[in-house]
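Visitor: I have a structure I would like to understand better, so I am pasting it below and will then ask my questions one at a time.
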Amino acid sequence: MESLEFKLVEPDISLSDFVYCFSSLQNLSQQQDVVIIPNGKIDLNFSINDKGDFQIALLGLETEPKYTSHQISSFCAVSFNPIAVEYIFNQSVAQIINSGKVLPNDFWDIAIEDLNDFEKFCSKISQKISSLLPKEIDERKLNLFKLIFESNGEITIKELSEKISWSPRQINRYFNHQFGLSLKAYCKILRFQASLPHINKGELYPQLNFTDQSHFIKEIKQFSGVSPKELHKNENDRFLQFLVYKQS
């Protein structure tokens, strides 16, 4: 059985406000009981199934683990920071939280053949995204996400409001309208994600601002479906996001 082949590329700095990374995964159909866990990103997924069918899908934010035994054999994906929803896609993803929607097979002029060469895929789609970059961006929103990411979600809405001169009510309205969840719920996802490198190393106790050990375990279970100990074991490479740590 062929092993999973995973690749990850960071975007050019000119795209970094909007794009988190590009990724590629081959031989996925041989993987059983795959678990997708929340990462706080919006994914544009270009996939091929076992029958050779090509599909493009936009995936909303995840707030819970998703269990799948899909028949996708390989994919290339772009993980976007949430701000891209408004400025690159010009739409809300609130309606597809914990789900997604299929896009036309010629979306952004990416064809099935483009998935054969990951480097060329990254180059082609980077050019497309560059052509869509807005001329003007609301600085409050840029600063909002910068502060959230830098703090791993460990910043209060009051502090954010004061730093970017945007009321808590407006911030939450923005999050609910664009992404389908509150700022507080989104920050919990970021804190969970920031815990994964520690769990990967076997540090099965809070490294971030959790109230106590039981609170830590509860939130890890909420987003992964398992305890920190079981998540660390990652039997049969069920949790695909841990491939990032294998590569590094």
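The values are calculated or read from the model by the stated rules, or taken from the named source; none is laboratory data. Since this is a predicted model, take the numbers as computed values, not measurements. Quick reminder, even Gly has a Cβ in these numbers, built from the backbone with ideal geometry, and neighbours come from all protein chains shown. Just the protein is used for accessible areas: all its heavy atoms, side chains included, with ligands, DNA and RNA removed. Shrake-Rupley method; radii C 1.70, N 1.55, O 1.52, S 1.80 Å.
Visitor: With springs only between Cα atoms under 10 Å, which of ILE37, ILE155, ILE56 fluctuates most in a Gaussian network model of the chain?
Guide: Fluctuation is largest for ILE155.
Visitor: Let a ≥ b ≥ c be the square roots of the eigenvalues of the Cα gyration tensor of region 89-140; is it rounded (a/c under 1.5), or, if not, prolate (a/b larger than b/c) or oblate?
Guide: oblate
Visitor: Would you mind listing how long region 131-223 runs along its three principal axes, going by Cα atoms, in whole Å with the largest first?
Guide: 45, 32, 23 Å, listed from the longest principal axis down.
Visitor: How much accessible surface area, in Å² rounded to 10, belongs to the heavy atoms of HIS215 with a 1.4 Å probe?
Guide: 50
Visitor: Here's a follow-up. Read phi for every residue in region 100-105 and hand back ³J(HN,Hα) as whole Hz from Karplus 6.51 cos²θ - 1.76 cosθ + 1.60, θ = phi - 60°, with x for Gly and Pro.
Guide: Couplings: x, 9, 7, 10, x, 5 Hz.
Visitor: Per DSSP H run of n ≥ 4, the term is -39500 (n - 2.57); total these for the chain, divide by its residue number, and report the mean residue ellipticity at 222 nm rounded to 500 deg cm²/dmol. Walk me through the intermediate numbers first.
Guide: On the way: 9 runs with 92 residues, N = 248.
Only helices count here, giving -11000 deg cm²/dmol.
Visitor: If you place +1 on the Cβ of every Lys and Arg and -1 on the Cβ of every Asp and Glu, how big does the dipole about the Cα centre of the chain come out, in debye to the nearest 20? Don't skip to the end; give the middle numbers.
Guide: Numbers: 26 positive and 31 negative charges, 172 e Å.
Around 820 debye, computed over the chain.
Visitor: Could you tell me which residue out of SER126, GLY202, GLY153 lies farthest along the dipole of region 114-248 toward its positive end? Charges go on the beta carbon: Lys and Arg +1, Asp and Glu -1, centred on the Cα centre.
Guide: GLY153
Visitor: Please compute the net charge surrounding SER24, taking Lys and Arg as +1 and Asp and Glu as -1 over other residues with Cβ under 14 Å from its Cβ.
Guide: Local charge sum for SER24: -3.
Visitor: Out of [x] 46, 39, 35; [y] 51, 47, 30; [z] 76, 46, 25, which label holds the value of Cα extents along the principal axes in Å that was computed here?
Guide: [y]
Visitor: Shape verdict for region 10-68, please, from the Cα gyration tensor: rounded (a/c under 1.5), prolate (a/b greater than b/c) or oblate.
Guide: oblate
Visitor: Using a simple charge model, +1 on the beta-carbon of Lys and Arg, -1 on the beta-carbon of Asp and Glu, nothing else, what dipole does region 111-248 show about its Cα centre, in debye to the nearest 20? Please report the intermediate quantities before stating the final value.
Guide: Working: 21 positive and 17 negative charges, 78 e Å.
I would put it at about 380 debye.
Visitor: To continue, here is another question. Report the one residue of LEU183, SER16, ILE137 whose Cα lies farthest in the direction of the positive end of the charge dipole of the chain (charges on C-beta: Lys and Arg +1, Asp and Glu -1; origin at the Cα centre).
Guide: Of the options given, the answer is LEU183.
Visitor: Still on this model: Once each part is reduced to its C-alpha centroid, what is the distance from region 68-87 to region 39-53 in angstrom?
Guide: Using only Cα atoms to place each centre, the spacing works out to 6 Å.
Visitor: Give the relative contact order (percent, whole number) for region 1-82; include only Cα pairs under 8 Å separated by 6+ residues.
Guide: 38
Visitor: So which residue, out of GLU136, GLU230, GLU64, gets the largest mean-square fluctuation from a GNM of the chain using Cα contacts under 10 Å as springs?
Guide: Of GLU136, GLU230, GLU64, the most mobile in the Gaussian network model is GLU136.
Visitor: Let me ask something additional. Is region 16-126 rounded, prolate or oblate when judged by the Cα gyration tensor, a ≥ b ≥ c being the square roots of its eigenvalues, rounded requiring a/c under 1.5 and prolate requiring a/b larger than b/c?
Guide: It is oblate, given that a/c is not under 1.5 and a/b is not larger than b/c.
Visitor: For PHE18, which sequence-distant residues (separation of 5 or more, or a different chain) have an amide H within less than 5 Å of its own amide H, given hydrogens modelled in the peptide plane?
Guide: none
Visitor: Could you work out the relative contact order of the chain, using alpha carbon pairs under 8 angstrom and six or more residues apart, expressed as a whole percent?
Guide: Relative contact order of the chain: 21 percent.
Visitor: Given a cut-off of under 8 Å on Cα pairs at least six residues apart, what relative contact order in percent is computed for region 113-248?
Guide: Working: 85 pairs, mean separation 20.1, N = 136.
Over region 113-248, the number comes to 15 percent.
Visitor: For every other residue with a beta carbon closer than 13 angstrom to the beta carbon of GLU139, add +1 if it is Lys or Arg and -1 if Asp or Glu, then tell me the sum.
Guide: Residues close to GLU139 contribute a combined charge of +1.
Visitor: Taking trypsin sites (Lys or Arg not before Pro) as candidate sites, keep only those in a DSSP loop with at most 11 other Cβ atoms within 10 Å, then name the longest stretch of the chain containing none of them.
Guide: Excluding the exposed sites themselves, the longest stretch runs over 52-134.
Visitor: Taking all protein chains together and a probe of 1.4 Å, list VAL19, VAL102 from the most accessible to the least accessible.
Guide: VAL102, VAL19
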